[in-house]
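Reading through the structure tokens given below for one structure.
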Number of protein chains: 2
Amino acid sequence: MTSSAPIASYETAVTDLLGLVAYGELTAFERLAADSALAPTLAGKAQVGAMAVAEFDHFRKVHARLAELGADPTAAMEPFVGAVDAFHEHTRPTGWLESLVKAYIGDTLTADFYREAARFLDGASRAVVRDVLADMGQAAFVVEHVRAAIAADPKVAGRLALWGRRIMGEALTQAQQIAIRRPALASLLAGVITAADAEAGDDLDLDRMLTRLTEGHGARMATLGLSA
Amino acid sequence: MTSSAPIASYETAVTDLLGLVAYGELTAFERLAADSALAPTLAGKAQVGAMAVAEFDHFRKVHARLAELGADPTAAMEPFVGAVDAFHEHTRPTGWLESLVKAYIGDTLTADFYREAARFLDGASRAVVRDVLADMGQAAFVVEHVRAAIAADPKVAGRLALWGRRIMGEALTQAQQIAIRRPALASLLAGVITAADAEAGDDLDLDRMLTRLTEGHGARMATLGLSA
């Protein structure tokens with residue numbers, strides 16, 4: 001913040017972060033809703049549908065915050081279309097269980113990321129991100145489905161563990177692409193640029209954040225009964 | 001109602017109607033959300049996404065009314081899965097404009113049908129259907145998009161008019177299938193079975209209802225700039 005040659009302003013960085021979150025939620029909505037067609041039961045369709053609708057509500061909230069900040073929400077999302085779409089193209093579920101595992105990883109990993117990122121934000125943006133966070137965790141129903149599928153056919157575990165690794169790998173690949181192309185956002189997440197009223201602590205290290213996200217992912221895979 | 005050998009009870013008929021509406025809204029949600037991937041702009045994605053989310057909210061309301069009536073909502077939807085899925089399979093949009101036209105026809109035709117059907121229902125079920133109705137009309141934004149596309153390339157009008165006819169034809173085909181297989185529902189819509197406190201007037205004729213729905217559809221196609 002006090003650098004004599006700042007590479008980017010907090011405004012650019014927060015617009016990037018919210019643009020990424022908005023587009024991520026919009027596509028999560030779209031993909032989940034489409035995946036509900038894979039559900040073998042009407043109850044499953046309704047559960048995944050409800051999750052998709054929650055994602056759209058998150059999109060609306062973040063979109064509204066971008067407008068409040070004076071940003072053009074569409075322009076803010078645009079830089080992330082390529083990476084987010086590529087993530088989904090490379091992790092297209094071929095069946096209901098894969099779709100559930102992806103929903104669960106997406107929900108929990110995103111929540112962890114929002115928790116990390118919120119600390120660097122101005123109070124009002126932080127409140128929006130935490131409001132979205134409070135509404136997450138809707139994929140918890142997935143755990144019993146996946147565990148039951150593994151109990152019924154233990155071979156399923158190996159295949160789904162590979163699938164989980166592919167999702168996490170693709171998420172890290174696209175995150176790296178984004179960090180390279182959006183230095184302001186990378187600086188925000190590294191604690192180099194923060195809001196004046198940010199809550200950021202002293203553990204400001206992008207590598208350590210990624211390590212925490214990866215560890216959280218590993219713990220969740222174990223919850224599903226899968227090796228990370 | 002006073003027949004000495006009633007073919008079905010009002011309870012069976014209203015469960016059928018609400019089951020059909022619930023499954024119709026659930027699949028409309030699913031298909032629209034998936035179609036939003038066809039949107040050429042992020043604004044278009046968000047508009048179709050918002051419509052899809054409204055459909056899911058309708059599904060939830062009708063689902064809740066089924067539960068209130070003591071029906072198993074999943075069992076109530078089940079008989080309509082075949083016909084509704086077939087409708088969507090046979091009217092799969094191949095592009096954004098087709099998706100918009102389908103959304104517009106679906107929204108307006110369904111609203112007309114709900115208005116017709118509501119008159120035969122008990123007060124509480126009627127209130128739920130009218131509550132859903134009050135939230136419809138979200139596809140109005142489609143009109144300017146389609147008219148603009150036709151203005152830019154008049155050849156588009158012929159293709160989309162055919163598309164509109166295919167959608168209406170398929171809707172009528174599936175409606176007929178449903179009427180054959182669900183005599184209680186057909187009797188309700190013909191005014192043979194109604195709730196004790198139904199509002200039904202004296203124009204109780206299934207053929208005339210279908211004529212009104214077809215005329216309404218024709219008027220809407222004209223609004224889009226298409227021949228019916």
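Binning at 10 angstrom from zero up to the longest distance, how are the C-alpha pair distances of the protein assembly as shown distributed in percent?
Percent of pairs per bin, in order: 4, 19, 26, 22, 16, 9, 3, 1, 0, 0.
Exactly which GluC sites (Glu not before Pro) in region B:168-228 are in a DSSP loop and have at most 16 other Cβ atoms within 10 Å? The partial results should precede the final answer.
Numbers: sites: B:Glu170, B:Glu199, B:Glu215; in loops: B:Glu199.
The qualifying sites are B:Glu199.
What average number of partner chain Cβ atoms lie no more than 10 Å from the Cβ of the residues making up A:33-40? Intermediate results must be reported in sequence, preceding the final value.
Details: counts 13, 7, 3, 7, 7, 0, 1, 0.
If you average over the peptide's residues, the count of other-chain Cβ atoms is 5.
Give the average over all directions of the projected area of the C-alpha convex hull of region A:17-77, one decimal, in nm². Don't jump to the answer; show the numbers that get you there.
On the way: hull surface 14.7 nm².
Computing the convex hull of the Cα atoms and averaging its projections yields 3.7 nm².
Relative contact order for region A:11-79: what percent, with Cα pairs under 8 Å and sequence separation of 6 or more? List each step's numbers first, then the result.
Details: 66 pairs, mean separation 32.3, N = 69.
Answer for region A:11-79 is 47 percent.
In nm, one decimal, shortest first: how far is the label point of A:Gly169 (7 Å from Cα along Cα to beta carbon) from the matching points in the other copies?
So the distances to the same position in the other copies read 4.8 nm.
Using the membrane-span-like helix rule (whole DSSP H runs, Cα extent along the own axis of at least 24 Å, mean Kyte-Doolittle hydropathy at least -0.5), which helices of chain A qualify? It would help to have the intermediate numbers written out before the result.
Numbers: long enough: A:10-35 (37 Å, 0.45); A:42-68 (39 Å, 0.09); A:96-118 (32 Å, 0.07); A:155-181 (40 Å, 0.05); A:206-224 (27 Å, -0.21).
Helices passing the filter in chain A: A:10-35, A:42-68, A:96-118, A:155-181, A:206-224.
Might you report the magnitude of the Cβ-based charge dipole of the protein assembly as shown about its Cα centre, with Lys and Arg at +1 and Asp and Glu at -1, to the nearest 20 debye? Could you put the intermediate results ahead of the total?
On the way: 42 positive and 58 negative charges, 191 e Å.
Result for the protein assembly as shown is approximately 920 debye, rounded to the nearest 20.
Hey, what number do you get for the protein assembly as shown at 222 nm if only DSSP H runs of n ≥ 4 count, each worth -39500 (n - 2.57), divided across all residues, to the nearest 500? Can you show the working numbers first?
Values: 20 runs with 333 residues, N = 456.
So the helix-based figure for the protein assembly as shown works out to -24500 deg cm²/dmol.
Just to confirm the numbers: A:Arg208, label point 7 angstrom along the Cα-Cβ line, distances to the other copies in nm, shortest first?
7.8
If you take every residue apart from B:Gly164 with its C-beta less than 9 Å away from the C-beta of B:Gly164, what net charge results, scoring Lys and Arg +1 and Asp and Glu -1? Intermediate results must be reported in sequence, preceding the final value.
On the way: positive: B:Lys102, B:Arg165, B:Arg166, B:Arg220; negative: none.
So the surrounding residues net to +4.
Classify chain A: rounded, prolate or oblate, from the alpha-carbon gyration tensor (a ≥ b ≥ c, eigenvalue square roots; a/c under 1.5 rounded; otherwise prolate if a/b is larger than b/c)?
On the way: a/c = 2.15, a/b = 1.69, b/c = 1.27.
Judged from the Cα gyration tensor, chain A comes out prolate (a/c at least 1.5, a/b above b/c).
If one computes the Cα centroid of region B:163-204 and of region A:168-228, what distance in Å separates the two points?
Cα centroid to Cα centroid, the span is 55 Å.
Toward the positive end of the charge dipole of region B:10-224, about the Cα centre and with charges on Cβ (Lys, Arg +1; Asp, Glu -1), which of B:Thr110, B:Val143, B:Tyr10 goes farthest?
Positive-end residue among those listed: B:Val143.
Mind giving me the FRET efficiency for B:Thr214 and A:Arg92? R0 is 45 Å, r the Cβ-Cβ distance, nearest 0.05 is fine. Could the numbers behind the result be given before it?
On the way: r = 40 Å, r/R0 = 0.88.
My answer for the efficiency is 0.70.
Per-residue mean of other chain beta-carbon atoms within 10 angstrom of the beta-carbon, peptide A:48-55? All intermediate terms of the calculation are to be shown ahead of the outcome.
Working: counts 1, 10, 3, 0, 7, 11, 1, 2.
The per-residue average across the peptide is 4.
Note down the relative contact order for region B:10-224 as a percent, whole number, built from C-alpha pairs under 8 angstrom at least six residues apart. Walk me through the numbers before you get to the answer.
Numbers: 224 pairs, mean separation 59.4, N = 215.
Relative contact order comes out at 28 percent.
Just report the Cα centroid separation between region B:54-113 and region A:129-156, whole Å.
Spelled out, the Cα-based centre of one part sits 27 Å from the other.
What average number of partner chain Cβ atoms lie no more than 10 Å from the Cβ of the residues making up A:69-76?
Values: counts 0, 0, 0, 0, 3, 5, 1, 1.
Average per residue, whole number: 1.
Lys and Arg at +1, Asp and Glu at -1: add these up for the other residues within a Cβ distance under 15 Å of B:Leu133 and post the number. Don't jump to the answer; show the numbers that get you there.
Values: positive: B:Lys61, B:Arg65, B:Arg115, B:Arg119, B:Arg126, B:Arg130; negative: B:Glu25, B:Glu55, B:Asp57, B:Asp107, B:Asp112, B:Glu116, B:Asp131, B:Asp135, B:Glu199.
Spelling it out: positives minus negatives among the neighbours equals -3.
Between copies, how close do the A:Leu133 label points come, placed 7 Å along Cα→Cβ, listed in nm from shortest?
4.5
No lab work stands behind these numbers, since they all come straight from the coordinates. What you are looking at is a predicted structure, and each value in this text was computed from that prediction instead of being measured. With ideal geometry, Cβ positions are generated from the backbone for all residues, glycine too; neighbour counts draw on all protein chains shown.
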